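Comments concern the structure below.
The values are calculated or read from the model by the stated rules, or taken from the named source; none is laboratory data. As the structure is a computational prediction, the values presented were derived from the model and not from experiment. All Cβ positions, glycine included, derive from the backbone under ideal geometry; neighbour counts span all protein chains shown. Please note that ligands, DNA and RNA were not included when accessible areas were found on the heavy atoms of the full protein model with its side chains. Shrake-Rupley method; radii C 1.70, N 1.55, O 1.52, S 1.80 Å.
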Amino acid sequence: YVEESDKFEKKDGIIRIEGDIPPEADIRKDSDLLVISDDQSIYTHGIHGYPAKFIPELPRWAIRRHSKEGDTVLDPFGGSGTTNLEALLNERDSIAIDVDPLAIMINKAKNMVYDEQKLREEKNSLIQSIKDRNPSEAELMEFKRRDHWFRKDVSEKMSLIREEIQKIEDREIRRLFMLSMSTIVRKVSNADPGSHKPCVRKGMDRNIPEVIPKFIDRLEKNVESAIQTSRKINEEMDSHNLVEEDTQNIELPDTSVDISVPSPPYINAVDYARTHKLE
């Protein structure tokens with residue numbers, strides 16, 4: 001039971017907690033908590049948006065309270081990998097299961113240990129190659145209703161960025177850079193920025209930012225986040241196994257998991273596929 005203290009304030013039956021939930025906090029099953037998160041963007045937690053994400057403080061509390069260093073943590077609804085990153089940061093091994101291709105991509109990039117020098121070199125090389133080319137030279141990506149969602153100049157610049165990223169041989173770095181491009185897709189599209197699900201409003205005047213500076217800014221931030229995470233994760237405890245399957249089909253060996261910390265999908269409230277339609 002969480003007692004009131006300097007950190008915990010109880011009002012109208014709701015316990016308010018600022019930041020980290022101490023692992024010694026024994027939270028009753030019928031408790032109502034309001035957790036004010038400080039850590040939604042630390043390390044690689046913020047490299048890409050994802051609907052209905054865990055705040056890191058919740059799986060962190062469960063992992064620290066109910067497991068020990070060296071244990072294996074499972075998230076059968078892996079999503080963007082919040083539980084799995086918290087497991088690695090707290091020196092636990094990690095297993096994630098998900099069927100969504102974008103979730104798998106984010107989860108892999110978020111929980112990767114990168115070579116810092118190589119990552120910086122590839123980033124600088126990519127930026128230079130993008131600046132050296134004329135966007136009109138790029139072969140436009142083809143997909144349904146492209147010109148409805150994007151202005152022609154935006155499509156040219158995004159196609160150029162994608163072409164240059166695809167030239168990178170290291171698949172882990174290529175994935176991280178592709179995700180950095182994905183994070184700006186909604187921002188540079190014709191979609192209403194105020195709508196959770198992508199839609200274009202007639203007569204709406206969109207102030208679309210410059211594509212290449214926007215991408216470079218996000219790339220720089222994601223690279224620095226990835227480097228911070230790589231430095232933090234203990235190389236001896238960076239085991240992260242991501243299973244690209246339906247959770248119902250998984251057959252993990254008995255006793256191979258010490259704790260499961262999932263955030264089940266909000267299937268009646270969040271249209272995951274449509275939310276990330278443009279990405």
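How big is segment 123-275 in terms of Cα radius of gyration and Dmax, in angstroms?
Cα-based Rg and Dmax for segment 123-275 come out at 19.3, 59 Å.
Taking the solvent-accessible surface of protein heavy atoms with a 1.4 Å probe, what is the per residue accessible area of the chain in Å²?
Solvent-accessible surface per residue comes out at 54 Å².
Filter the cross-link list Lys131/Lys202; Lys152/Lys202; Lys68/Lys118; Lys123/Lys197; Lys10/Lys68 down to pairs whose alpha-carbon distance in this structure exceeds 27 Å.
Lys131/Lys202; Lys68/Lys118; Lys123/Lys197; Lys10/Lys68
Rounded to the nearest 500 deg cm²/dmol, what is the calculated helix-only ellipticity per residue at 222 nm for the chain, with -39500 (n - 2.57) per DSSP H run of length n ≥ 4?
Calculated mean residue ellipticity at 222 nm is -11500 deg cm²/dmol.
Name the shape class, rounded, prolate or oblate, that the alpha-carbon gyration tensor gives for segment 1-102, where a ≥ b ≥ c are the square roots of its eigenvalues, rounded holds for a/c under 1.5, and otherwise prolate holds if a/b is larger than b/c and oblate otherwise.
Working: a/c = 2.07, a/b = 1.57, b/c = 1.32.
Taking the square roots of the gyration eigenvalues as a ≥ b ≥ c, segment 1-102 is prolate.
Please list Asp39, Asp20 in order of solvent-accessible area, largest first, computed with a 1.4 Å probe with all protein chains present.
Of Asp39, Asp20, the descending order of accessible area is Asp20, Asp39.
Treat every Asp and Glu Cβ in segment 57-136 as -1 and every Lys and Arg Cβ as +1, leave all other atoms uncharged, and give the resulting dipole magnitude about the Cα centre to the nearest 20 debye.
On the way: 12 positive and 14 negative charges, 45 e Å.
Here segment 57-136 has a charge dipole of around 220 debye.
Quick query: amide H of Leu33 versus all other amide H atoms, modeled in the peptide plane; which residues come in under 5 Å with a sequence gap of 5 or more or a different chain?
Ile15
Can you compute the charge dipole magnitude of the chain about its Cα centre, using +1 on each Lys and Arg Cβ and -1 on each Asp and Glu Cβ, nothing else charged? Give it in debye, rounded to the nearest 20.
Dipole about the Cα centre, nearest 20: 1540 debye.
How do the peptides 127-133, 98-104 rank, highest first, by the average count of neighbouring beta carbon atoms within 10 Å per residue?
Per-residue Cβ counts within 10 Å, averaged per peptide and sorted highest first, yield 98-104, 127-133.
Would you calculate the convex hull of the Cα atoms in the chain and tell me its volume per residue in Å³?
Expressed per residue, the convex hull around the Cα atoms of the chain is 168 Å³.
List the pair-distance distribution P(r) of segment 142-197, using every Cα-Cα distance, as the percent of pairs falling in each 10 Å bin from 0 up to the bin containing the longest distance, rounded to whole percents.
Percent of pairs per bin, in order: 22, 47, 27, 4.
Whose amide H sits under 5 Å from the amide H of Ile259, counting only residues 5 or more places off or on another chain, with H placed in the peptide plane?
Amide H neighbours of Ile259: Thr72, Leu74.
Please work out the Cα center distance from segment 103-182 to segment 206-279, rounded to the nearest Å.
Computed from Cα coordinates, the inter-centre distance equals 18 Å.
Suppose accessible area is computed on protein heavy atoms with a 1.4 Å probe; arrange Lys53, Lys110 from highest to lowest.
Lys53, Lys110
Suppose accessible area is computed on protein heavy atoms with a 1.4 Å probe; arrange Met204, Met112 from highest to lowest. Write out the running numbers ahead of the final one.
Numbers: Met204 75, Met112 50 Å².
Accessible-area ranking of Met204, Met112, largest first: Met204, Met112.
Counting other Cβ atoms within 10 Å, keep those with at most 14, restrict to DSSP loop, and tell me which chymotrypsin sites (Phe, Trp or Tyr not before Pro) in segment 195-279 are left.
Here the chymotrypsin sites (Phe, Trp or Tyr not before Pro) that fit, given the DSSP loop and packing criteria, are Tyr266.
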